[in-house]
1. Could you check the stretch 287-310 and list, in sequence order, the residues that are within 21 Å of Thr177 (Cα to Cα), touching a residue at least 40 places away in the same chain (Cβ under 8 Å) and outside any helix (DSSP H, G or I)?
2. Of all residues being among the charged types (D, E, K, R) and modelled with pLDDT of 95 or more in the stretch 78-129, which is nearest to the chain's Cα centre (by Cα)? Just the residue, please.
3. Quick check on Ser75: is it of a type in the set (Gly, Ala, Ser), modelled with pLDDT of 95 or more and farther than 28 Å from Gln121 by Cβ?
4. Which members of the stretch 255-264 meet the condition of being surrounded by fewer than 23 Cβ atoms within 10 Å (Cβ to Cβ) and farther than 21 Å from Asp321 by Cβ?
5. May I ask you to say which residue of Leu301, Leu309 is open to solvent by less than 60 Å² (accessible area, probe 1.4 Å) and touching a Lys or Arg at 6+ places or on another chain (Cβ under 9 Å)?
6. Which one is nearest to Ser79 (Cα to Cα) among residues in the stretch 1-33 that are of a type in the set (Val, Ile, Thr) and in a helix (DSSP H, G or I)?
7. Filter the stretch 315-346 down to the residues that are of a type in the set (Gly, Ala, Ser) and in contact (Cβ under 8 Å) with a residue 60 or more places away in the chain and list them by number.
8. Check Leu123, Leu52, Leu68, Leu135 and return the single one that is under 26 Å from Glu312 (Cβ atoms) and either touching a helix residue (DSSP H, G or I) at 6+ places or on another chain (Cβ under 9 Å) or acidic (Asp, Glu) (or both).
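The values are calculated or read from the model by the stated rules, or taken from the named source; none is laboratory data. Since this is a predicted model, take the numbers as computed values, not measurements. Heads up, the Cβs are rebuilt from the backbone with ideal geometry, glycines too, and the neighbour counts pull from every protein chain shown. We work out accessible area using only protein heavy atoms, side chains counted, and drop any ligands, DNA or RNA first. Shrake-Rupley method; radii C 1.70, N 1.55, O 1.52, S 1.80 Å.
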Amino acid sequence: MKPFTLILPSKPSPLLQKMIDKAINGEDFNVINNEENLPDLKGHNILFAIELNSIGINPQINRILEELVNRGKDSLKNSRGSILIHSGYDNFTKTAAQDIVFIANQLGCTFPGRPVIEANQNLDNYIPLKKIYDLSLEDICLKKSEELGRRLLSTQEYFRNKTIAVLHSSNKGTSNTYSLWEMIKEHLHDVEINEVYLGNGTITDCRGCSYKTCKYFGKQTKCFYGGVVVEEVYPAIQDASTIIFLCPNYNDMITANIVATINRLTALFRKTKFYDKRIFTVIVSGFSGGDALAKQLISSLNMNKTFELPPEFSIMATANDPGSIYNVPDINAKAEKFAKHILKNI
């Protein structure tokens, strides 16, 4: 059993304390309040419990993360993390959690599907769940906190096959992102790779069907709007235990077809959750901002759609002109290392 560590960088509000109690649920744990005398956290189950201030930050957690970064890129190797986060305001919880997950993941921390429980000022983020639970908003929040604790400490092993689904909308002839993927693919031996090209025309985005309609089509492994998402993406994701998103950075955003595809996964999600599937991503930026795209994927796929986030899930590079990816220092070595990392995790 991994040691259980609570990172609690500031005094919790009464609600956050209740969330912590539910998540811990009587388990033995150690508490870390600051970066001084920070123990070795490799191989730990880590629960971050974060109270945000009026501008949406917690200065002390930043100091703890900075100390972990200074210790090296493997300071959270073999660890597993989840987050409870509370704000006395309407905003900030999602973006603050994204930052923590991104940094901890780059240090080797795995995050199970849906690893964050947010509590904003009025708990109105739980209003949709009142359709499912006959509970108050606070009680729903606490119920979800308890479920989070169980997921964090779970020792369940998911089935892993050697099938990889790759989703992209890149032009193979000019895309630096696709070229980097080809470098990685050269080193992915003894696996089956199913590439799904999303660039043939515009993919119809989710139009917000009613829950009832979405669930009806989802039970049939379909979506009302059909097309390549139903015909190719759904089967590819169902057959694979590893999904790789190729994401060129345009205006610090994921491309429209990939966004639409992620949105359209909701119908399939109604039928089956994705806790047993892992995501990786290849991101190439012309200028900067690769981390912005990585955080978008963390939020949409790991926090919302329940895909597991394996350690160091993203490889990021900067290359502007077509073909300039080959001029990035040590890019071939980095591609080979990332390929070996993927193979190790499947």
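1. Residues satisfying the conditions are Gly289, Leu309, Pro310.
2. Selected residue: Arg114.
3. In short, yes.
4. Initially, the stretch 255-264 is screened for residues surrounded by fewer than 23 Cβ atoms within 10 Å (Cβ to Cβ), giving 255-257, 259-260, 262-263.
Matches in the stretch 255-264: Ala256, Asn257, Val259, Ala260, Ile262, Asn263.
5. Checking each option against the conditions leaves just Leu309.
6. Ranking the candidates gives Ile24 first.
7. Ala317, Ala319, Gly323, Ser324, Ala335, Ala339
8. On the way: Leu123 fails: under 26 Å from Glu312 (Cβ atoms); Leu52 fails: under 26 Å from Glu312 (Cβ atoms); Leu135 fails: under 26 Å from Glu312 (Cβ atoms).
Of Leu123, Leu52, Leu68, Leu135, the one residue that is under 26 Å from Glu312 (Cβ atoms) and either touching a helix residue (DSSP H, G or I) at 6+ places or on another chain (Cβ under 9 Å) or acidic (Asp, Glu) (or both) is Leu68.
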